[in-house]
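Colleague: Provided herewith is a single structure, encoded as structure tokens, for subsequent inquiry.
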Amino acid sequence: SFQNEINEVPFFDIQLPYELALKIFQYLGKTELGRCAQVSRTWKVLAEDEVLWYRLCQQEGYLLDTSISDHSCWKLALRNCRAREHTLKTNWKNRIGAVSQLPYELGKILCAVHSCDGVVIAGYTSGEVRLWDTRTWDYTAPILEPVHGPGDAGPQPHVSFVRINSSLAVAAYEDGTISVWSLMFGREPIHRYQHNQRIQALALGSEGATVATASGFEVKVESPDDRGFWQTTGTFEIQKLVNFLNLVPDVAGSPVAVAAAEDIVYLLKAEDPGKILHSVYGQPVTCLDVSAREAAFGVKTFGWLLNEPNQILLYNLETSQCLKKMGNSIGDFTCVNLQNSPPNMVVTGNKDRRVRVFDLRKSESLCSLYAHQLGVSAVQMDDWKIVSGGEEGLVCVWDQRMGTKLWEMHARHPVRHVWFDSHSLITANIPEEKTLRGAGITDDDLAVHRKYRGIIYAYEFSVDPLAVESILPICRSSYDEVTGYNYNIGLAVPYDNI
């Protein structure tokens, strides 16, 4: 080929070896390479060298887990990736895509929801725990086997908390039982343990297999050893009741947890069991989030008394120093998201109806959005957008740089969970009331009071699967389902196969 014939590349009035010319070209961006390709035939071959475009692709964060031999034309691959990202952004801004509800009628009322990379876990008042994988179109949700067998006397305890990561699902029940399932090995729990009292908080490591629970004045940390046998790796005595509990991600060695108990924040390490990170008497902590190196939490002060408004504090976990005090609002900070935010950013929600974004290198907020009538209950952001949920049931999507609302979606109950990645969004509206309104004890009708049960939505903004596979759920049902609410319609596409 022509490229193999090029040994010397003409560089103005000298001839350079191909490898050396390539080294010079690797300092150029996309635009400059395009201009160089128009200089001459030799420069065109050089400017379209696969090594240069592979490197550009990696620098922009696309196709990171591929090698140079995986694509024949890296220039085209980069163009496709950029086009796809642009389309996704447009779809997000204009709410183009598919939205599905993830209902489960037999579960009675929704109690707790969590998600990880598009896999959703939900716990119900019937004591059942259910999974959905929203990355595939046919959401067949397995029901995880309960701890309490059907033979147990009396009603099943409600589910109080659920958590999920890439390998485990965990549920805590009202009676103090904790159940752990492996996502690889199906429906039987691989581990379960019991607290004597009600569970206040549950945490699961973002990776790996570590579970932490707080009940009464005790925090327990459980994880499997090298052979897969679960054991208690730490038990911590705490002076007050824990409100918030997080495991620190990416910790080498024994797990580290951060617990907020009323007005004290503890750093729970095996080697230093009672370490207090922060404590100011009479100033309770209102929300908590933890990243690999820092902890951010909201503190409620009594501003009219001490002339110090409510703030978000940022602590370094290695040095235990307070790095920043941010914000000064009359309302309490109700939610904070540090772990999923872009570097040096944190997003917070407040009872004063505002969503605020802080730059951790400064103290004042970058933007403050007047969002929800009854206070903000869940937030997450990325480099250009913010998704917030409120107590009145509204989910809002914002363009962060413009400070404008792109769209909103309303459901009846408070938004308790918001999670998104580049192409999908999961939101959960969970009722405060856990008893069905107007339903008698003998009333087992599935269709009654559905509006009071709570709801999970899954949005998909991706362009790829929508064209062919977005068949309505009602048309995907089979004839052998006997439940009443899908009207027993079983349609095949494009024609009914009679």
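Colleague: Sketch the reach of a paramagnetic label on residue 73 as a point 7 Å from Cα along Cα-to-Cβ, and name the residues of region 8-34 whose backbone nitrogen lies under 20 Å away.
Modeller: 30-34
Colleague: Report the full-extension gain for the segment residue 452 to residue 399: residue separation times 0.36 nm, less the Cα-Cα distance, to one decimal in nm.
Modeller: Details: separation 53, 0.36 × 53 = 19.08 nm, distance 3.15 nm.
Contour length minus the Cα-Cα distance gives 15.9 nm.
Colleague: Peptides 110-121, 317-328, 224-235: what's the order by average Cβ count within 10 Å, highest mean first? Walk me through the numbers before you get to the answer.
Modeller: Details: 110-121: 22.2, 317-328: 15.1, 224-235: 11.8.
Result, highest mean first: 110-121, 317-328, 224-235.
Colleague: Here is a further query. Given the pairs 240/325; 269/325; 269/385; 300/451; 108/405, which are separated by over 30 angstrom at their Cα positions? Don't skip to the end; give the middle numbers.
Modeller: Details: 240/325 24 Å; 269/325 25 Å; 269/385 35 Å; 300/451 34 Å; 108/405 34 Å.
Flagged as over cut-off: 269/385; 300/451; 108/405.
Colleague: Quick one: which residues, 5+ away or cross-chain, put their amide H under 5 Å from the amide H of residue 109? H built at 1.01 Å from N.
Modeller: For residue 109, the qualifying residues are 125, 126.
Colleague: To the nearest 0.05, how large is the calculated FRET efficiency for residue 412 and residue 435 if R₀ is 22 Å and r is the Cβ-Cβ distance?
Modeller: 0.90
Colleague: Further question on the same structure: Using θ = phi - 60° and the Karplus form 6.51 cos²θ - 1.76 cosθ + 1.60, what ³J(HN,Hα) does each residue of region 32-40 get, whole Hz, x for Gly and Pro?
Modeller: Working through the residues one at a time gives 5, 4, x, 5, 4, 5, 8, 6, 7 Hz.
Colleague: Something else: Once phi is turned into θ = phi - 60°, what whole-Hz ³J(HN,Hα) does the Karplus curve with 6.51, -1.76 and 1.60 give for every residue of region 94-99, x standing for Gly and Pro?
Modeller: Values, residue by residue: 9, 6, 9, x, 10, 10 Hz.
Colleague: Another question, if that's okay. So if each residue of separation counts as 0.36 nm, and I subtract the Cα-Cα distance between residue 95 and residue 41, what length gain in nm does that give? Don't skip to the end; give the middle numbers.
Modeller: Values: separation 54, 0.36 × 54 = 19.44 nm, distance 4.52 nm.
Gain on stretching residue 95 to residue 41: 14.9 nm.
Colleague: Each residue of region 390-398 in order: what ³J(HN,Hα) in whole Hz does its phi give by Karplus 6.51 cos²θ - 1.76 cosθ + 1.60, θ = phi - 60°, with x for Gly and Pro?
Modeller: My calculation for region 390-398 gives x, 5, 8, x, 8, 10, 10, 10, 10 Hz in order.
Colleague: Give me, ordered by chain and number, the residues 5 or more places off residue 256 or on other chains with an amide H under 5 Å from its own placed amide H.
Modeller: Counting only residues 5 or more places away or on other chains, the set is 248.
Colleague: Then there is this: Taking the simple approach of a point 7 Å from Cα along Cα-to-Cβ for both residue 187 and residue 280, what is their distance in nm?
Modeller: Placing both labels 7 Å beyond Cα along the Cβ direction yields 5.1 nm.
Colleague: Determine the gain in length on full extension of the stretch residue 87-residue 196; use 0.36 nm per residue of separation and subtract their C-alpha separation, reporting nm with one decimal.
Modeller: Details: separation 109, 0.36 × 109 = 39.24 nm, distance 5.23 nm.
34.0 nm is the gain from fully extending residue 87 to residue 196.
Colleague: Given H placed on each backbone N at 1.01 Å, which residues far from residue 129 in sequence or on other chains put an amide H within less than 5 Å of it?
Modeller: 144
Throughout, read-outs are computed from the coordinates displayed, never taken from laboratory work. This one's a predicted model, so the numbers in the text were calculated from it and none came from an experiment. In this analysis, Cβ positions are derived from the backbone assuming ideal geometry, glycine residues included, and neighbour counts consider all displayed protein chains.
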